[in-house]
Structure formats: structure tokens, C-alpha cells
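**Student:** Before we start, here is the structure in question, set down as C-alpha cells.
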């Protein structure tokens, strides 16, 4: 038996065939907002994208944080997580890991089949939107609405997160008010505006009532003042 390529009385190949090194679950479940495409990771909702993209993003997060099942494991990394079926509400994945073992030269590989199920639901922000509520008010001043629409059209076409976050847009004489569900979308809009204008930003907040558990609810107000960049 090759030194450093055995575990106890077993050759390495036999050991790997009979021993599960990582506690990779056979099934994993996650919440997917069918309205905006966000996914819930722990207590937070984050951008997921369309269903195949969201499934992949969640799988890579969940499978990278598994625990060893054996104390012989000294380290591991997720090499790949590839769908064996067409990504949908129920997808079968093959996860491949590279694993370091105590007393074994080099790293070994082990693969696991995992069933991934997406639970269609509505995230809290989209629930607010359906009631006409919003979490961020982005006030843009310094350019007419038509010019702003032109400069932001590319972003709106490319980012489903931003368009899904917009509750309403109200035109003003020298700008617009954009009601949004999340701060990330406001940041993307501001980054896009900085490509065309000098942007000065002021962030404040306003009280907008109380939550269901009686806590004060605040809305972020972002005031952006624009100046045209000189050539």
C-alpha cells in the first residue's frame, strides 16, 4: 500500500467509497421571491436574479458552508456545483469538493448529489410594495425628467433588481422622486448618474409609522443634487 495514501487498514480508494467525509445534506430548501427574484439567506433577503441564477447562487452559498463529518478532515473547498437537471423549483445538483485529510498526502475529491428546492414566496419588501409602501425615497434634482430617463434607461433595462424595486416615479420640475424598496437599488442608480453628472448626496430619514411588533419604522431619504460634467 502506498505510504501516505491509506487510512488505517484501508486503502484510500476503499476509504473514500465507504466514508462520507462532509455533512452535505441530501436536500436543501430556500425561499425565493417570485416577485423580485431575491433569496433569503439567514435573516437577510439578497438579490438572486431569475430562478436558475438564484438557485445557483443559493447552492454555492449553502454548500460552501457545510461541516466535516469526520475528525480526519483538516480542510476542504467546494470545487464546483453543477445542475444535473434543468434548474427549476426542484433541481438536482452534483457538488464536488477537494478535501485535505490528516495523515494523507495531497488532497482527495468527493462528490455529493443534492436536491435543491426553491420555495416560492413574497419577500417583505414586495409585500410593502403591493400595499403601496416603500423603504427608500431617492430625490434627484438638477436635471429635467426627460434627461434623467435617457441617462438611466440602460440601467433600468439591464437590472431586474432596480426595476423590481421601483414602486413609483414622480416627476418634478427639475428632477424626479423615485420610491424604492431597497437601498442597493438606490446605490446602483447613483452610480449610474455619476457616469454623467457630478453628484452631491445627503442622506436623512423620516418616521413612517410602526411595525407589527410596535417598533418605530424609518424610511431613508436620499437627496442627490446633480451638476453636468464639463467636457
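The values are calculated or read from the model by the stated rules, or taken from the named source; none is laboratory data. Predicted model only: the values in this text are computed from it and were never measured. Don't worry about glycine lacking a Cβ; one is built from the backbone with ideal geometry, like all the others, and counts go over all protein chains shown.
**Student:** Filter region 79-89 down to residues that are within 19 Å of the chain's Cα centre (by Cα), closer than 25 Å to residue 110 by Cβ and surrounded by fewer than 19 Cβ atoms within 10 Å (Cβ to Cβ), then give me how many there are. Steps first, please.
**Tutor:** First, pick out the residues of region 79-89 that are within 19 Å of the chain's Cα centre (by Cα): 80-83, 87-89.
Right, trim to closer than 25 Å to residue 110 by Cβ and you get 80-83, 87.
Then drop every residue that is not surrounded by fewer than 19 Cβ atoms within 10 Å (Cβ to Cβ), which leaves 80, 82-83.
Total satisfying the criteria: 3.
**Student:** Here are the criteria: (1) in contact (Cβ under 8 Å) with a residue 12 or more places away in the chain; (2) not assigned by TED's automatic domain parsing to the domain that holds residue 220. Tell me which single one residue 107 does not satisfy.
**Tutor:** (1)
**Student:** Is region 147-161 home to any residue that is modelled with pLDDT of 85 or more and assigned to a strand (DSSP E or B)?
**Tutor:** Within region 147-161 (the criterion being modelled with pLDDT of 85 or more and assigned to a strand (DSSP E or B)), the answer is no, since none of the residues qualifies.
**Student:** So, one more: Looking at region 173-205, which of the residues that are over 18 Å from the mean Cα position of the chain (by Cα) and in a loop (DSSP other than H, G, I, E, B) is surrounded by the most Cβ atoms within 10 Å (Cβ to Cβ)?
**Tutor:** Going through the qualifying residues, I end up with 196.
**Student:** Suppose we filter region 134-163 for residues that are within 24 Å of the chain's Cα centre (by Cα) and in contact (Cβ under 8 Å) with a residue 40 or more places away in the chain; how many remain?
**Tutor:** 8
**Student:** Taking residue 42 and the conditions (1) more than 19 Å from residue 160 (Cα to Cα); (2) buried (at least 19 other Cβ atoms within 10 Å of the Cβ), which numbered condition does it fall short on, given that it satisfies the others?
**Tutor:** (2)
**Student:** Against the condition assigned to a loop (DSSP other than H, G, I, E, B) and in contact with a strand residue (DSSP E or B) (Cβ under 6 Å, 6 or more places away or on another chain), how does residue 85 come out, does it pass?
**Tutor:** Details: assigned to a loop (DSSP other than H, G, I, E, B): yes; in contact with a strand residue (DSSP E or B) (Cβ under 6 Å, 6 or more places away or on another chain): yes.
Criteria met by residue 85.
**Student:** Collect the residues in region 52-73 that are closer than 24 Å to residue 106 by Cβ and surrounded by 13 or more Cβ atoms within 10 Å (Cβ to Cβ), keeping them in residue-number order.
**Tutor:** Selection gives 63, 64, 66, 68, 69, 70, 72, 73.
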